[in-house]
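**Q** Sharing a structure with you now.
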Amino acid sequence: MRLRDALTGTATVLALLLAGGSAQASAGPPGAAPDRVAAALPNTVVPVPASTVADGTVLTLGPSVAVTAETAAARGVADHLATVLRTSTGYAVPVTVGAPAPGGIALSLSGAPASVGPEGYRLTTTTGGVVIRAQQPAGLFHGVQTLLQLMPPAVMSPGVRPGPWTVPGGTVTDQPRFAYRGAMLDVARHFFTVAQVERYIDQLALYKINTLHLHLSDDQGWRIAVTSRPRLAEHGGSTQVGGGPGGHYTQADYTALVQYAASRFITVVPEIDMPGHTNAALSSYAELNCDGVAPPLYTGTQVGFSSLCVPLEETYRFIDQVVGELAALTPGPYLHIGGDEAASTPAADYRTFIERAQRIVAAHGKTVVGWHEITRATPLPSTVAQFWGTTRIDTTLANAAAQGTKVVMSPANLAYLDMKYDRRTPLGLSWAGYIEVDKAYDWDPAARVTGVGESAVLGVEAPLWTETVVTPADIDYLAFPRLPALAELGWSPWSTHDLASFKRRLGAQGPRWKALGMNYYRSPKISWPLGS
């Protein structure tokens, strides 16, 4: 047991008074002793909660601790929390439905303020126990993530640790700023297995990310089986960047991923990129090419050279078959059609294609998402544009936003997790610039593009393209510590935005990542605790 863990109970009480960031004080007349101190809880929680009030007490969870779901609807979240606690504490941590036991943790779907909405929660800790209240199970799940971050880092360990298992007393009332808080994983350039993607899902859930965008097709590989077009996976999925064996998900694999993500309250958004980034499809079916000749498979990293044949009716029959099968497998509302870097598609053809593709997706009951170039066509009223540009002015996007198009913010020079941290870091690219963790954090999604304000922004997404990413350790290295920065931009109110506070809270994540076996980048911008 490290001394820091042993002293956590004392240190948290001191931190109630010393924590920075959004701390507030509530006191009586000058010279009078305050009857209660309203301050930020210890600088350990990312994303920072909307409101915190500390009372200076500490709860220690003992061997008899139990988790209670007030109703059966909360049972799944209760089971998840109990599993985490059993693993690291060695306690039995029984789960019951009904009235809470003294000194335990209760999860309730009643009594939460209306203001927390479907994903928010209120967490109250006293010496008598912990109560998390929410309107929906998703809110309970997010509240559990905050509870775990308030506990010693060893709570995330894969084996039994000695504790003590303390929680600082007080109340957290919290809800997200944006409805869409996403991360994108490119499995087309390098393939990742179901288990590897599930590992990333678990990491996303720690930071209240609620959307996983899977980039399932590109020039280098097609990663989802389509019954009506079997060569897409069998041939198009048979390689990857650098010429490796590639791979693909069966429809059962994809369903398993969707269900696993749902158990963490994360919605999967599948992407089939088109009309460009389509060499794997064009190589699989010659009839998709204007000249009827299938190109060879591609294992490089250049972009902009491929295009579906816009005039061919076969193109739209193909899209209808692929989208129809994928939509049937995807319970979430969104389906991403790409639309970026279509340099080989003439502008008029591009507009024609995007407008037809949107209608096909809508006919299968899904809301279209596309990279922001799709606003060069006429977006459907429901279509969502994802901005990946590096400029602060995009008139076409701003005009679309003025007409009601919602925007997901992913500026490449701030949000792309595949960019290098600096010139010395071994992984990643640098075409959009270097992105250290402070740069990833210190921008406002609602003020990034002129004319695309708060009401137009649906949320934030952190894409991870995989030209240089081959292993889960590579994902860790590029995503952490920057992913939590983007998560805070998506969740926390802008009024809490404070770089110095964020750096302190982010540093506290290091021991947790070490306990989880994560290969995170030890950014020199952050003061990491010794041993992390």
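**Q** About the Cα centre of the chain, what is the dipole size in debye to 20, counting +1 per Lys and Arg Cβ and -1 per Asp and Glu Cβ, all else neutral?
**A** It comes to approximately 1520 debye.
**Q** Turning to a different aspect of this structure: Hey, what's the chain come to in accessible area per residue, 1.4 Å probe, Å²? Can you show the working numbers first?
**A** On the way: 18890 Å² over 532 residues.
About 36 Å² of surface per residue is accessible.
**Q** Right, next: What's the center-to-center distance, using Cα atoms, between region 40-102 and region 293-366 in Å?
**A** First find each Cα centre; the distance between them is then 46 Å.
**Q** Once all Cα-Cα distances of region 273-424 are split into 5 Å bins that start at 0, what whole-number percent is in each one?
**A** Distribution as computed: 2, 9, 17, 20, 20, 16, 10, 5, 1, 0 percent.
**Q** Going highest first, how would you order 167-175, 441-449 by mean Cβ packing within 10 Å?
**A** 167-175, 441-449
**Q** Here is a further query. Can you find, among Ser410, Asn519, Thr127, the residue sitting farthest towards the positive end of the charge dipole of the chain, where Lys and Arg contribute +1 and Asp and Glu -1 at Cβ?
**A** It is Thr127.
**Q** Right, next: Need the list of lysines near Lys366 for cross-linking: C-alpha distance under 26 angstrom, and skip anything on the same chain fewer than eight residues off.
**A** Reachable lysines: Lys208, Lys406.
**Q** Among bridges DSSP assigns within the chain, what percent are antiparallel (round to 5)?
**A** DSSP beta bridges in the chain are roughly 30 percent antiparallel.
**Q** Continuing with this model, one more query. About the Cα centre of region 250-350, how large is the charge dipole given +1 on each Lys and Arg Cβ and -1 on each Asp and Glu Cβ? Please answer in debye to the nearest 20.
**A** Rounded to the nearest 20 debye, it is 340 debye.
**Q** Towards the positive end of the charge dipole of the chain, with charges on Cβ (+1 Lys, Arg; -1 Asp, Glu), say which of Ala281, Ser115, Phe191 has the farthest Cα.
**A** Ser115
**Q** Taking only DSSP H segments of four or more residues, each worth -39500 (n - 2.57), what value at 222 nm results for the chain once the sum is divided by all its residues, to the nearest 500 deg cm²/dmol?
**A** -9000 deg cm²/dmol
**Q** Averaged over every viewing direction, what's the projected area of the C-alpha convex hull for region 390-471? Give it in nm², one decimal, please.
**A** Values: hull surface 23.1 nm².
Computing the convex hull of the Cα atoms and averaging its projections yields 5.8 nm².
**Q** So for each of 516-529, 321-334 I average, over its residues, the number of other beta carbons within 10 Å; can you give me the resulting order with the highest mean first?
**A** Highest to lowest by the protection proxy: 321-334, 516-529.
**Q** Would you work out if the chain is rounded, prolate or oblate? Take a ≥ b ≥ c from the square roots of the eigenvalues of the alpha-carbon gyration tensor; rounded if a/c is under 1.5, else prolate when a/b is larger than b/c, oblate otherwise.
**A** Judged from the Cα gyration tensor, the chain comes out prolate (a/c at least 1.5, a/b above b/c).
**Q** Rounded to the nearest Å, what's the spacing between the alpha carbon centres of region 472-532 and region 175-230? Just the number, please.
**A** After rounding, the separation between the Cα centres reads 21 Å.
**Q** Lys/Arg Cβ at +1, Asp/Glu Cβ at -1, dipole of region 428-532 taken about the Cα centre: which of Val469, Gly453, Trp528 is farthest positive-ward?
**A** The one lying farthest along the dipole's positive direction is Trp528.
**Q** Also: For Lys503, go through the aspartates and glutamates and keep the ones whose alpha-carbon is under 16 Å away, minus same-chain ones fewer than eight residues off.
**A** Hits, sequence-local ones excluded: Glu436, Asp438, Asp442, Glu488.
**Q** Shifting gears a bit: Highest mean first, what order results for 184-191, 415-422 on Cβ atoms within 10 Å?
**A** Ranking the peptides 184-191, 415-422 by packing returns 184-191, 415-422.
**Q** About its Cα centre, what dipole magnitude does region 395-510 give when the only charges are +1 on Lys and Arg Cβ and -1 on Asp and Glu Cβ, stated in debye to the nearest 20?
**A** Using Cβ point charges on Lys, Arg, Asp and Glu, region 395-510 gives about 120 debye.
The values are calculated or read from the model by the stated rules, or taken from the named source; none is laboratory data. Keep in mind the model is a prediction, meaning the values are calculated, not measured. Heads up, the Cβs are rebuilt from the backbone with ideal geometry, glycines too, and the neighbour counts pull from every protein chain shown. Just the protein is used for accessible areas: all its heavy atoms, side chains included, with ligands, DNA and RNA removed. Shrake-Rupley method; radii C 1.70, N 1.55, O 1.52, S 1.80 Å.
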